[in-house]
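S.K.: After the structure tokens below, expect a handful of questions from me.
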Amino acid sequence: MKIVYVPIDERPCNVDVVQRIVGVTDEVTLLTPPDHLYGYKKEAADQLGMREWVQRVNDCDALVLSADMLCYGGLLPSRLHHMTDTDRDTFIEWIRTLQSKTKAPLYVATMIMRTPKYSSDDEEPDYYGQFGAEIYRRAWLQDRDERDGLTMEEQDELANLNELIPTEYVVDYETRRAFNRSINEAMIQLVEEGVIERLFIPQDDSAEYGYTSIDQTDVLRQIQERRVFTNVHMYPGADEVGATMVARAFLDKRGTKPRVYPIWSSVLGPTLIPMYEDRPFIESMYAHLDAIGLHLVQTMEEADLVLAYNVPGRTMQESWDQDERDVTYTSFRHMRQFVTKIESALKQGKRVIVADSAYANGGDQELIMWLDELNVLEQLDSYKGWNTNGNTLGTTLAQGVFAQVGKRERIRKNVFYHVLDDFVYQAKVRMKMTDVVLPKYGANYFDLGRHAEAISQERNQMMTEVARHVIRHSFQEAWTVNTSAPWNRMFECRLEFGGTSQ
């Protein structure tokens, strides 16, 4: 099977990780754009070059496309552009023309633009560095006022925010959101027309109230009015969507619907709302299963995949706070029981995939140590535990799909990759380096300056030391790790490792 894949941006999580997920099998060839067409962070990709490249690819079985890349030039440019209605109409007509010239189905992703609750211009317009938290809070209060009403204190807060935030910033921000919303509406119409086979609308950094919630309500209305709810999927997420779409295209082509049985690490966990999202874990699970084309079953015996879902006990924290974790990670959760169920499923010959969402932005050390101690870490079909719950869950399910037809050693190597990246780097090393290493170079979390290579060398050493300290029974062959900083910051790293058997 040959799949054309245009990601939402050039970061490893959207390119390298998806290639690794698919790469466990020889049954799928994933075609991605040449490197020179991609942009860099806030610098837009060559949209026209991307479109021309897609049109030149012949004889494929599915087209998996990011509207954010092909329309705006990437995820961050979608938050910064000044595009016109003419630009929008040209893009929409291009999709219609593409579909008319190919027999392959179109799987398209389009984002609901995020509104971070903190002030930072690393990924947003410049003014968001000064007024980001206020812009978020203002919309949150406005939305809550319309839906549920505000207290007197909240009314005063809203009035103060309206005075504080310069009007031109609000106009700029809301004008761009309106344009992006019009793109999403156009994509929904193309589903109704039969141009797009299946549409995916992840909500990036979503919340119960505010701009994202307002846009979500508009999108839901459009979906219902056009009666396309069977072919449009909307859920919390973003960077996992490429893996989700590729897996869905694969399953649609095969005509299969693998059965999934979930096991949870806590009783309350399924009902909790994870950080950066707007609904309980269990509702996100339903949405992701539906999007990727998997079937939920009631018993382990009838399952093709066992989803081991590691969630908080009652309170969710950032992964780098594990050394001072909330007591409910222990009192409202029993890790021994959870990993024993994983061990039992493996002994029954079941394929087990682990979604490690107990913490935000990194894996759970207690889980990793237990899996290592029981010598089951290398038997898993997938381990993921990165960024948001939606990111972790979507890529976990996608890996489960391809692992069913994958080669064991490639699967094993992929598990190790994510143990190193999602747990060792993101949970253990990233913030320690930010506190200890970066000051030596005069660098900061969002800008490594000219010292990225030297900092990455220190990261390589620190990751190796942490990994070999925590992981004592698994992946014992000689290996080396080499990292770099794709966007010259600490948030993510490009990871390569060698020395493992092929």
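S.K.: Please enumerate the residues belonging to the stretch 429-440 that are more than 12 Å from Met462 (Cβ to Cβ) and either among the aliphatic types (A, V, I, L, M) or surrounded by 18 or more Cβ atoms within 10 Å (Cβ to Cβ) (or both).
M.R.: Hit for the stretch 429-440 is Leu438, nothing else.
S.K.: While we're looking at this one, here's another question. Output the helices (runs of 4 or more DSSP H) that fall wholly within the stretch 246-354 and possess 3 or more residues being in contact with a Cys (Cβ under 7 Å, 6 or more places away or on another chain) and modelled with pLDDT of 95 or more, or say none.
M.R.: Once the helices (runs of 4 or more DSSP H) in the stretch 246-354 are filtered for at least 3 residues that are in contact with a Cys (Cβ under 7 Å, 6 or more places away or on another chain) and modelled with pLDDT of 95 or more, nothing remains.
S.K.: Residue check: is Gln476 without any contact (Cβ under 8 Å) to a residue 12 or more places away in the chain and either part of a loop (DSSP other than H, G, I, E, B) or not aromatic (Phe, Trp, Tyr) (or both)?
M.R.: Judged against the criteria, Gln476 is a match.
S.K.: What tally of residues in the stretch 197-231 results from selecting those that are in contact with a Pro (Cβ under 9 Å, 6 or more places away or on another chain) and outside any strand (DSSP E or B)?
M.R.: 4
S.K.: OK, next. Can you say whether Phe497 is outside the structural domain of Arg410 (by TED's automatic domain parsing), surrounded by 15 or more Cβ atoms within 10 Å (Cβ to Cβ), among the aromatic types (Phe, Trp, Tyr) and at pLDDT 95 or above, as far as the supplied structure shows?
M.R.: no
S.K.: Restricting the search to the stretch 371-392, which residues are under 16 Å from Val306 (Cα atoms), of a type in the set (D, E, K, R) and part of a helix (DSSP H, G or I)?
M.R.: Glu378
S.K.: How many residues does the stretch 1-34 hold that are under 20 Å from Gly385 (Cα atoms) and in contact with a Lys or Arg (Cβ under 8 Å, 6 or more places away or on another chain)?
M.R.: 4
S.K.: Something else now. May I ask you to list the residues in the stretch 441-461 that are loosely packed, with under 14 Cβ neighbours inside 10 Å, more than 27 Å from the chain's Cα centre (by Cα) and of a type in the set (Gly, Ala, Ser)?
M.R.: Gly442 - this is the single residue of the stretch 441-461 that is loosely packed, with under 14 Cβ neighbours inside 10 Å, more than 27 Å from the chain's Cα centre (by Cα) and of a type in the set (Gly, Ala, Ser).
S.K.: Against the definition (of a type in the set (A, V, I, L, M, F, W, C) and either surrounded by fewer than 16 Cβ atoms within 10 Å (Cβ to Cβ) or over 28 Å from the mean Cα position of the chain (by Cα) (or both)), how does Leu106 come out, yes or no?
M.R.: So Leu106 fails the test.
S.K.: Which of (1) closer than 23 Å to Ala249 by Cα; (2) surrounded by fewer than 20 Cβ atoms within 10 Å (Cβ to Cβ); (3) not hydroxyl-bearing (Ser, Thr, Tyr) is the odd one out, the single condition Gly74 does not satisfy?
M.R.: (2)
S.K.: Now, a different point. So which of Phe250, Phe229 ends up being of a type in the set (Phe, Trp, Tyr) and buried (at least 17 other Cβ atoms within 10 Å of the Cβ)?
M.R.: Phe250
S.K.: Output the residues belonging to the stretch 71-97 that are in contact with a Gly (Cβ under 8 Å, 6 or more places away or on another chain) and more than 18 Å from Tyr169 (Cα to Cα).
M.R.: Gly73, Gly74, listed by residue number.
S.K.: For the stretch 463-483, state whether one or more residues are of a type in the set (A, V, I, L, M, F, W, C), under 27 Å from Asn389 (Cβ atoms) and in the same structural domain as Asn310 (by TED's automatic domain parsing).
M.R.: no
S.K.: Which one of these does Val267 not meet: (1) of a type outside the set (Gly, Ala, Ser); (2) under 20 Å from the mean Cα position of the chain (by Cα); (3) in the same structural domain as Gly362 (by TED's automatic domain parsing)?
M.R.: Of (1) of a type outside the set (Gly, Ala, Ser); (2) under 20 Å from the mean Cα position of the chain (by Cα); (3) in the same structural domain as Gly362 (by TED's automatic domain parsing), only one is false for Val267: (2).
S.K.: Also: Going by what's in this entry, would Ala159 be described as in contact with a strand residue (DSSP E or B) (Cβ under 7 Å, 6 or more places away or on another chain) and either surrounded by 18 or more Cβ atoms within 10 Å (Cβ to Cβ) or farther than 23 Å from Thr217 by Cβ (or both)?
M.R.: So Ala159 does not fit the description; no.
S.K.: Which of (1) surrounded by fewer than 23 Cβ atoms within 10 Å (Cβ to Cβ); (2) over 20 Å from Ile273 (Cβ atoms) does Ile342 not meet, given it meets every other one?
M.R.: All conditions pass for Ile342, except number (1).
S.K.: Can you pull out every residue in the stretch 13-68 that is assigned to a loop (DSSP other than H, G, I, E, B), at pLDDT 95 or above and under 24 Å from Arg96 (Cβ atoms)?
M.R.: Thr32, Pro33, Ala44, Ala45, Asp46, Cys60, Asp61
S.K.: Suppose the filter is modelled with pLDDT of 95 or more and touching a Ser or Thr at 6+ places or on another chain (Cβ under 8 Å); does Met187 pass it?
M.R.: Judged against the criteria, Met187 is a match.
S.K.: Does Leu190 satisfy the criteria of being assigned to a helix (DSSP H, G or I) and farther than 21 Å from Ser66 by Cβ?
M.R.: no
S.K.: Now, a different point. Within the stretch 311-334, is even one residue buried (at least 16 other Cβ atoms within 10 Å of the Cβ) and under 19 Å from Val405 (Cα atoms)?
M.R.: no
S.K.: Right, something else. Regarding the stretch 244-260, can at least one residue be identified that is among the small types (Gly, Ala, Ser), touching a residue at least 60 places away in the same chain (Cβ under 8 Å) and not assigned by TED's automatic domain parsing to the domain that holds Glu318?
M.R.: So far as the stretch 244-260 goes, yes, one or more of its residues are among the small types (Gly, Ala, Ser), touching a residue at least 60 places away in the same chain (Cβ under 8 Å) and not assigned by TED's automatic domain parsing to the domain that holds Glu318.
S.K.: Next up: Which helices (runs of 4 or more DSSP H) does the stretch 397-457 wholly contain that include 2 or more residues that are in contact (Cβ under 8 Å) with a residue 24 or more places away in the chain?
M.R.: 408-418, 430-436
The values are calculated or read from the model by the stated rules, or taken from the named source; none is laboratory data. If you're wondering where the values come from, they're calculated on a predicted model, not measured in any experiment. Cβ: placed from backbone, ideal geometry, glycine included. Neighbour counts: every protein chain shown.
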